[in-house]
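Heads up, the thing below is written out as structure tokens.
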Amino acid sequence: METSQPMNGAESLVKTLLASGVDTCFANPGTSEMHFVAALDRIPGMRCVLGLFEGVVTGAADGYARMAGKPAATLLHCGPGLANGLANLHNARRAQTPVVNIIGDQATYHRPLDAPLTADTEGWARPVSVWTRTATGAGSVGADAAAAVQAACAAPGGVASLILPSDVCWDEGGKVAAPLPVLPVPTVSPDAIQQAARVLRSGQPTLVVLAGSALREGALADAHRIAAATGARLITPMSNARVSRGRGRLAVDRIPYSGDVARDKLGEIRHVILVGAPAPVTFFAYPGKSPRPYPEDALLHVLARPEEDLAEALARLADELGAARVALPPTQHAAPTEIARGAVTSEAVAKTLTALLPEQAIVVEESVSFGRAFYPGTVHAAPHDWLQLTGGAIGEGLPLATGAAIAAPDRRVVALQADGSGMYTLQSLWTMAREKLDVTVVLLANRKYAILLGELAGVGASPGKTALDMLDIGNPDLNWVQLANGMGVEGARAHDMETFADLFRMANQRKGPFLIELVI
């Protein structure tokens, strides 16, 4: 798709993105990106969402694509702006999320002069990206943008980083590029299907690890066919980009965070079959302990790699095994209505979430230590999608919720957010208010980095007052209701389960964002 109308590089970028189906941009621009910003005024069709910190921008783009099934663009200011957003680009890389990551840069002739913002922008972008390119002229920007969209959307998905020196944006000569075709998703070989079938027929204890698109409703149904026919156990990594779950859907367990707990749980496993998942590993190393959450002598087998068609592989394997369809357990058809009362505990919150979660909600979980009961305890909640930060870089929960709400405006988003990690990207609340997003934030206020208290013991450290003070964020206490109000979000505090249930019910029935500070 070419046009003879004169345009600059920035205009060709916007038009090419729109032609390629990218119509949402999360932005925190600076001087180098002003011609892109100006082009957005002249060219209709792009929804622009401002984030007050680049970590909000990149995390929101991650959440958006997980729910929309297509990439958003980001707009970041030079190398330092990229650096501010790297943590959530790391999470997006681990989630295999398609993101078109646009980064401004010094003009090509200005860069050799080593101005203050000059950095190795491409070098910083490359480790979190599946594709990285620096545009060299206005005439190539459109083609570069089309290639970036294609790369981001190639299975299993990833961050495509396009670096734009400011002069290639303001120079004339821009050309709109035609969208490039989506690359076909490879299917697994017959040998992989037959090898997995042989393992499953052996009768030896086998673990099937599901990740990525294998955690969507149809693929999970085929995985349960396989498990029912062979006695294999199904499990997912601890953190997943998106899981379809709730009443009317077949459940799947997660590998526990604790390596000791996981090894106890999986101690008899002799074979591990990977479906879009890497070989499971514990989050951290601990002195004298295995880095694997399953027996070291278990044999690994790959049914499907992340870039292959996982759902098709599971369906073919189920058919190879002659596996029948699996009916839902009888308990899955009843709608729980009883809320928890009294003191705030992880189990009590899970019970109330099960009773009150709206139909087709999107749950974003960054509950860290307190939320141990949330995932297993909500298996009978209304049908919903469950999103987590996947790369371990905390501070993505609120941005994920922001992006998911923009991608799915007809669904309520419930963010289960720990207080310590919430402070990393507090600015997300402002974007929620500005965009009038239907997000209920359940802010879990224990006023400490509780997960690290356990880690001290896990690595065999002997803490004293100095160490413990560094894990305490209660001196002074954060006032999340006031913080939310300052960002334009209404909020209220709950100290018991009855108050929490009342606030949660009310928040989900109103328009716009609301924050509940749940003191735990």
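The values are calculated or read from the model by the stated rules, or taken from the named source; none is laboratory data. Computed from a predicted structure; not experimentally measured. Virtual Cβ from ideal backbone geometry, glycine too; neighbours counted across all protein chains shown.
From the list L456, L443, the lone residue that is modelled with pLDDT under 95, of a type outside the set (D, E), within 26 Å of P256 (Cβ to Cβ) and out of contact with any His (no Cβ under 9 Å at 6 or more places or on another chain) is L456.
Within segment 78-125, the set of residues being polar (S, T, N, Q) and on the phi > 0 side of the Ramachandran plot comprises just one member, Q96. For segment 366-410: of the residues being in contact with a strand residue (DSSP E or B) (Cβ under 7 Å, 6 or more places away or on another chain) and charged (D, E, K, R), which is farthest from R93 (Cα to Cα)? Step by step, filter segment 366-410, then rank; the result is D385. Every test in (1) touching a residue at least 24 places away in the same chain (Cβ under 8 Å); (2) in a helix (DSSP H, G or I); (3) out of contact with any Gly (no Cβ under 8 Å at 6 or more places or on another chain) is passed by Y64 save one, and that test is (3).
Scanning segment 312-322 turns up no residue that is in contact with a Leu (Cβ under 9 Å, 6 or more places away or on another chain), without any contact (Cβ under 8 Å) to a residue 24 or more places away in the chain and under 29 Å from S258 (Cα atoms). For segment 255-266, indicate whether the set of residues that are under 19 Å from G391 (Cα atoms), buried (at least 17 other Cβ atoms within 10 Å of the Cβ) and of a type in the set (F, W, Y) is non-empty. The answer is yes, given that some residue of segment 255-266 is under 19 Å from G391 (Cα atoms), buried (at least 17 other Cβ atoms within 10 Å of the Cβ) and of a type in the set (F, W, Y). Against the test of being of a type outside the set (A, V, I, L, M), in contact with an Asp or Glu (Cβ under 8 Å, 6 or more places away or on another chain) and more than 20 Å from H77 (Cβ to Cβ), the options P190, P179, P205 yield a single qualifying residue, P205. Test M432 against the stated conditions and say whether it is surrounded by fewer than 21 Cβ atoms within 10 Å (Cβ to Cβ) and part of a helix (DSSP H, G or I). In short, no.
With respect to the conditions (1) crowded, with 23+ Cβ neighbours inside 10 Å; (2) part of a strand (DSSP E or B); (3) without any contact (Cβ under 8 Å) to a residue 60 or more places away in the chain, F26 falls short on a single one, namely (3). Listed by first and then second residue, the pairs linking a residue in segment 270-289 that is free of Cβ contacts under 8 Å to residues at least 24 places away in the same chain to a residue that is in a loop (DSSP other than H, G, I, E, B) and buried (at least 16 other Cβ atoms within 10 Å of the Cβ), with Cβ atoms under 6 Å apart and 6 or more places separating them unless they lie on different chains, are T282/P293.
Residues of segment 157-168 include at least one that is part of a loop (DSSP other than H, G, I, E, B), surrounded by 16 or more Cβ atoms within 10 Å (Cβ to Cβ) and modelled with pLDDT of 95 or more. Selection over segment 399-419 of residues that are surrounded by fewer than 24 Cβ atoms within 10 Å (Cβ to Cβ) and over 16 Å from the mean Cα position of the chain (by Cα) gives a count of 4. Take the residues in segment 130-153 that are free of Cβ contacts under 8 Å to residues at least 60 places away in the same chain and of a type in the set (V, I, T), then tell me which one is nearest to P71 (Cα to Cα). The qualifying residue nearest to P71 (Cα to Cα) is V130.
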